[in-house]
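The values are calculated or read from the model by the stated rules, or taken from the named source; none is laboratory data. Everything quoted here is computed from the prediction, not taken from an experiment. Here the Cβ positions follow ideal geometry from the backbone for every residue, glycine too, while neighbour counts run over all protein chains shown. Please note that ligands, DNA and RNA were not included when accessible areas were found on the heavy atoms of the full protein model with its side chains. Shrake-Rupley method; radii C 1.70, N 1.55, O 1.52, S 1.80 Å.
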Amino acid sequence: MTNERATVGVGMVGHAFMGRAHSQAWRSVGPFFDPPLTPMMAALAGRSRDRTAAAARELGWAAVETDWKELLRRDDVQLVDICTPGDSHAEIAVAALDAGKHVLCEKPLANTVEEAAAMVAAAERARERGVRSMVGFNYRRVPAIALARRMVADGRLGTLRHVRAQYLQDWLADPGAPLVWRLQKDRAGSGALGDIGAHIIDVAQHVAGQRLTGVSGLTETFVGERPLVGGDGTGPVTVDDAAVFMGRTDGGALATFEATRFAAGRKNALRFELNGSAGSLAFDLEALNELWFHDHTEDAATAGFRRILVTEPEHPYAGAWWPPGHLLGYEHTFTHQLADLLTAIAEGTDPSPSFADGLQVQRVLAAVEASAAGDGAWTAVEDG
């Protein structure tokens, strides 16, 4: 008698940048992590049948739907993966959870606190029926970032005093770059703040094990008009190009954040540094296999930052891949995310980060926007 591995059918909505990254992860999670549930790439949903069918063939999806609601009616779909712009997250996630489908939703969770709160309420209703949900802050799954979290939790930094985080990109530095959906508030919710600022808020809070309680922030839009996609005039940019803010955590640390898409020469520089009474940690996504650690308890004559190459079998996630020293990349973080999600669903536990975690990040984003609207006035982060 053979014991067949249980399966979970996946329906994904969206097939652009994030859809491609998630598809790669769905294909690779089984062979490398052998999760307790085997994912079946059942159906891909998109608005254009021709484009969606082409994407399904390329990315490995078995069927195509032109209305995401059809995924909820399919018996071969038990999990819905949302890879769409933020303006549709709440509608899709709430409907899927109420239909009894597990949900993975890309970040930020929603475009507003109100939408995110409705998603959390749906997740709590679904949880009572054994239906799970997770928000896709994939950078938590960078092995070096997961190791940093472990080291902080183990007390290697002592009492945290400073948390610094940046996310620097330059893809909008050219004023001739087109007016894509990420520059339209009704689609994206906010600009650099919500798109990449959400990532550093989540990463910083996660690694520190502390949450922001208040912020003072400024935002700026450097280029107010951009060419329309496909030509024919220009249109207004209705989101921020950059955001900077400082804050306090519930553990007493001072925090500073910067998110911009105008840092010429910086392609995807998600950086953080944590300073504590016993040491410091530093990380840069553009060298994502490295973590820098300073042990302040060592003799000052020889102490200093040292590089940890995070590719050993003892490091988070790394042992499932290649021999030590063989580097991982951006795409692996999505595979790690799915391995954790599938394990949680199989074990009947709550995956992390939860929709409630996503709502808390949304509240920080809202506090930064409110502070910036008041010329940087100190603004409390709403409690959940």
GNM top mover of Asp195, Asp174, Asp186 - the chain, alpha-carbon springs below 10 Å: Asp174
Count the DSSP beta bridges whose two residues both fall in the chain, then state the antiparallel fraction as a percent rounded to the nearest 5. 60 percent
Just read off the accessible area of Thr213 with the full protein assembly in place, 1.4 Å probe, to the nearest 10 Å². 60 Å²
Which longest run of the chain has no exposed loop site in it, a site being GluC sites (Glu not before Pro) in a DSSP loop with at most 12 other beta carbons within 10 Å, and the site itself not part of the run? 129-297
In deg cm²/dmol, rounded to the nearest 500, the helical mean residue ellipticity at 222 nm of the chain, built from -39500 (n - 2.57) for every DSSP H run of length 4 or more, is -9500 deg cm²/dmol
With the full set of protein chains in place, find how many percent of the accessible area of the stretch 98-151 is carbon and sulfur; take the probe as 1.4 Å. 45 percent
In the stretch 277-316, what percent of the accessible surface is made up of carbon and sulfur (1.4 Å probe, ligands and nucleic acids excluded)? 51 percent
Calculated FRET efficiency for the pair Thr302/Asp232, C-beta based, R₀ 56 Å, to 0.05: 0.30
In a Gaussian network model over the chain where Cα atoms closer than 10 Å are linked, find which of Pro227, Pro316, Pro39 has the largest mean-square fluctuation. Pro227
For the stretch 188-331, report the accessible area per residue in Å² (1.4 Å probe, heavy atoms, rounded to an integer). 43 Å²
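Using 1/(1 + (r/R0)^6) with R0 = 51 angstrom and r between the beta carbons of Glu312 and Ala54, what's the FRET efficiency to the nearest 0.05?
FRET efficiency, Glu312 to Ala54: 0.80.
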In debye to the nearest 20, how big a dipole does the chain give about its Cα centre with +1 on each Lys and Arg Cβ and -1 on each Asp and Glu Cβ? 400 debye
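Let me know the volume per residue of the alpha-carbon convex hull for the stretch 1-55, in Å³.
Working: hull volume 4.9 nm³, N = 55.
Normalising the Cα hull of the stretch 1-55 by residue number yields 89 Å³.
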Specify the residue with the greatest mean-square fluctuation among His326, His102, His336, computed from a Gaussian network of the chain linking alpha-carbon atoms under 10 Å apart. His326
In Å, the Kirkwood hydrodynamic radius from C-alpha pairs for the stretch 228-358 sits at 18.9 Å
Using Cα positions and a limit of under 15 Å, work out the aspartates and glutamates in reach of Lys107, with same-chain residues fewer than 8 apart set aside. Asp81, Asp87, Glu91, Glu115, Asp195, Asp202, Asp357
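Taking the convex hull of the Cα atoms, report for the chain its projected area averaged over all directions, in nm².
21.0 nm²
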Which distance in Å, rounded to a whole number, links the C-alpha centroids of the stretch 296-331 and the stretch 158-227? 28 Å
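Evaluate E = 1/(1 + (r/R0)^6) for Ala373 and Arg129, where r is the Cβ-Cβ distance and R0 equals 45 Å; express this FRET efficiency to the nearest 0.05.
On the way: r = 40 Å, r/R0 = 0.89.
For R0 = 45 Å, the calculated efficiency reads 0.65.
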Accessible area of Cys105 in the full protein assembly, 1.4 Å probe (Å², nearest 10): 0 Å²
Just to be sure I understand the rule: take each whole DSSP H helix in the chain, project its Cα atoms onto its long axis, keep it if the span is 24 Å or more and its mean Kyte-Doolittle hydropathy is at least 0.0. Which ones pass? 355-373
If I take all pairs of Cα atoms in the stretch 142-256, what percentage of them are more than 18 Å from each other? 57 percent
Pop out the Kirkwood hydrodynamic radius of the stretch 70-221 from its pairwise C-alpha distances, inverse of mean 1/r, in Å to one decimal. 17.6 Å
Considering only the other residues whose Cβ falls under 12 Å of the Cβ of Glu331, what net charge follows from Lys and Arg at +1 and Asp and Glu at -1? +3
